[in-house]
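Structure, as structure tokens:
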Amino acid sequence: MSQPAARAEEAAPGDAAPSASDTRLLWGIALGQTIGWGTLYYAFPLFGAPLEAELGWSRAAFNAGLTLSLLVSGLAAIPVGRMVDRSGGRRMVAWGAGAGALLLLAWAGTSSLPVFWGIWLLMGLAHAASLWAPAMAVVVAMARDPARTITGITFVTGFTATIFTPLTALLIEGLGWRGALLALAALQAVVLPLTLWLLPAEGERPSTAPRPGFSLWQAVRRPAFLQIAACFAALSFVSIGLTAHVIPMLRERGLAEPMVILIVSLHGPFQVAARALLFALGKRVTMRGVGKLATLLTPCAMLVLALAPPALLPFLLYALLWAMADGLMTIVRAAGVAEILGREAYGTITGALTMLSLLPRTLAPLAIALLWEGMGGYGPVPWLLAGLGCVAAATFFRAAR
């Protein structure tokens, strides 16, 4: 048995005998992550057009806000991961969610571009403290069956874009962009008490806590870690870039607005369908196998995006392929890291993976915006994303081997 696998057995979360059922943990994380991602991330690109129209900001200037947020969240990933490994993440996830609500309120009250950038710089700390990585560390540390719990969580969070894309569009249409932000802030504020109520209190020492003598430097020098890091970095550029630009990209291709909203909104149901299949297969598949499939689907989806004519069916195929890839990789990023690298210092290790994805995550929205401005359109963007998808597939296959 390999050393990481042996550590995974010895540090299995089931040994911690959590005080609440996995079901309560599942719903506490799932509801908080659905609202958090919907209000603090997926809603962002829909505010671009009204802010550009009212305040005269350029697309690159607007997307620089998300770039700053991703930069700060990446830099904070390792310190946050260490704190979660040492003392648990329940309070951090809750108070990070509360900070996100306050920052949405601040955004609703500003017309200054520098203030907007400052708000999104601080939003990066809220992202690092409340979204996904610390939440998954809580699950890995406390759940009796982490893989099953994570899969269940992704069933719920898979509907985030489906819920929040049309909801945010309706709020902006009915309340204006400032009123929409106030409504989203009120919804986000609910996550703080919800998290504290549903998530069980941590014990004195989380099961993912590193043993004495643990060296992050030695951990990140392992070939499998470096290969997974390269894969995640490439996929981060693809995912973040698409999130920020897919709506104007589809509009540019000549698709009608209802069709654009439909294609974006179907991302969630298609993700859930892929996860349902994975759940049904159970022990017959491994996270290594799931990761291989997901990384192969990514460049296929980008090629369809590049070549599809402006009709519904081809873009539905793109939406299906990309949603399956993205949905499965969400599980691989959480449970797959534990399977391949072990659970010891899980928060710190996943923080290091996030930090190594910092540059592509940070550059993606702004780089694609600059490419759009320089080329006069999004024409070369899908080809760039397809190439990065091939890099992700090649590096993950090596790590899985």
Give the shape of segment 271-335 as rounded, prolate or oblate, defined through the alpha-carbon gyration tensor: a ≥ b ≥ c are the square roots of its eigenvalues, a/c under 1.5 means rounded, and otherwise the shape is prolate if a/b is larger than b/c and oblate if not. prolate
Show me, for segment 175-192, the HN-Hα J-couplings you get by feeding each phi into the Karplus relation (A = 6.51, B = -1.76, C = 1.60, θ = phi - 60°), rounded to Hz, glycine and proline as x. 10, x, 5, 5, x, 4, 5, 4, 5, 5, 5, 4, 5, 5, 4, 5, 5, 4
In whole µm²/s, the translational diffusion coefficient that Stokes-Einstein assigns to segment 161-233, given a Kirkwood hydrodynamic radius over C-alpha pairs, 25 °C and 0.890 mPa s, equals 144 µm²/s
Apply 1/(1 + (r/R0)^6) to the Cβ-Cβ distance of residue 285 and residue 52, taking R0 = 51 Å, and write down the FRET efficiency to the nearest 0.05. 0.70
nm² value of the averaged projected area, convex hull over the Cα atoms of segment 291-401: 7.5 nm²
Kirkwood-based Rg to Rh ratio, segment 168-277, C-alpha trace: 1.10
Using distinct alpha-carbon pairs, which all enter the 1/r mean, Kirkwood radius of segment 43-190 in Å: 16.4 Å
Descending Cα extents along the principal axes, segment 236-363, whole Å: 49, 36, 21
Cβ charges +1 (Lys, Arg) and -1 (Asp, Glu), total dipole of segment 134-237, debye: 380 debye
Over segment 134-261, what is the mean sequence separation of C-alpha contacts under 8 Å (at least six apart), divided by residue count, expressed as relative contact order in percent? 23 percent
Base-10 log of normalised Debye intensity for segment 73-141 (one unit scatterer per alpha-carbon) at q = 0.11, 0.12, 0.19, 0.28 Å⁻¹: -0.28, -0.33, -0.69, -1.15
Rounded to two decimals, the Debye log10 I(q)/I(0) of segment 119-173 (Cα scatterers, no solvent) at q = 0.14 Å⁻¹ is -0.56
Using each residue's phi in segment 287-298, evaluate 6.51 cos²θ - 1.76 cosθ + 1.60 at θ = phi - 60° and report the 3J(HN,Hα) Karplus result to the nearest Hz, with x for Gly and Pro. 5, 4, x, 5, x, 4, 4, 4, 6, 6, 5, 4
Report Rg (one decimal) and Dmax (nearest whole number) for segment 25-100, counting Cα atoms only, units Å. 15.5, 47
Can you compute 3J(HN,Hα) from phi for each residue in segment 362-376, using the Karplus curve 6.51 cos²θ - 1.76 cosθ + 1.60 with θ = phi - 60°, rounded to whole Hz and x for Gly and Pro? 6, 6, 4, x, 6, 4, 5, 4, 5, 5, 4, 5, x, 9, x
Which residue, 273, 104, 366, has the largest displacement toward the positive end of the dipole of the chain when charges sit on each Cβ (Lys, Arg +1; Asp, Glu -1)? 273
Report the Cα centroid-to-centroid distance between segment 94-131 and segment 146-173 in angstrom, as an integer. 20 Å
Answer with one residue from 198, 258, 213: the one whose Cα lies farthest towards the positive end of the charge dipole of segment 196-263, charges on Cβ with Lys, Arg +1 and Asp, Glu -1. 213
Length gained when the stretch residue 186-residue 215 is fully extended (0.36 nm per residue, less Cα-Cα span): 6.2 nm
Compute the whole-percent fraction of alpha carbon pairs in segment 215-283 spaced more than 16 Å apart. 68 percent
Mind putting a number on the dipole of the chain about its Cα centre? Charges go on the C-beta only, +1 for Lys and Arg and -1 for Asp and Glu, and I need it in Debye to the nearest 20. 940 debye
Reciprocal mean inverse distance between Cα atoms of the chain - Kirkwood radius, Å: 21.1 Å
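Over the chain, what is the relative contact order in whole percent, taking alpha-carbon pairs under 8 Å and six or more residues apart?
Taking the mean separation of contacting Cα pairs over the length of the chain, I get 30 percent.
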Cα-centre dipole for segment 243-401 with unit charges at Cβ (Lys and Arg positive, Asp and Glu negative), debye to 20: 620 debye
Summing -39500 (n - 2.57) over every DSSP H run of at least 4 in the chain, dividing by its residue total and rounding to the nearest 500, the 222 nm mean residue ellipticity is -25500 deg cm²/dmol
Given Cβ charges of +1 for Lys and Arg and -1 for Asp and Glu, the option among 315, 240, 285 whose Cα lies farthest towards the positive end of the dipole of segment 236-317 is 285
So if each residue of separation counts as 0.36 nm, and I subtract the Cα-Cα distance between residue 256 and residue 112, what length gain in nm does that give? 48.6 nm
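Since every read-out is calculated from the coordinates, none of them should be taken as a lab result. Every value quoted in this text rests on a predicted model; they were computed, and no experiment measured them. Because the Cβ atoms are built from the backbone with ideal geometry, glycine has one as well, and the counts that use them run over all protein chains shown.
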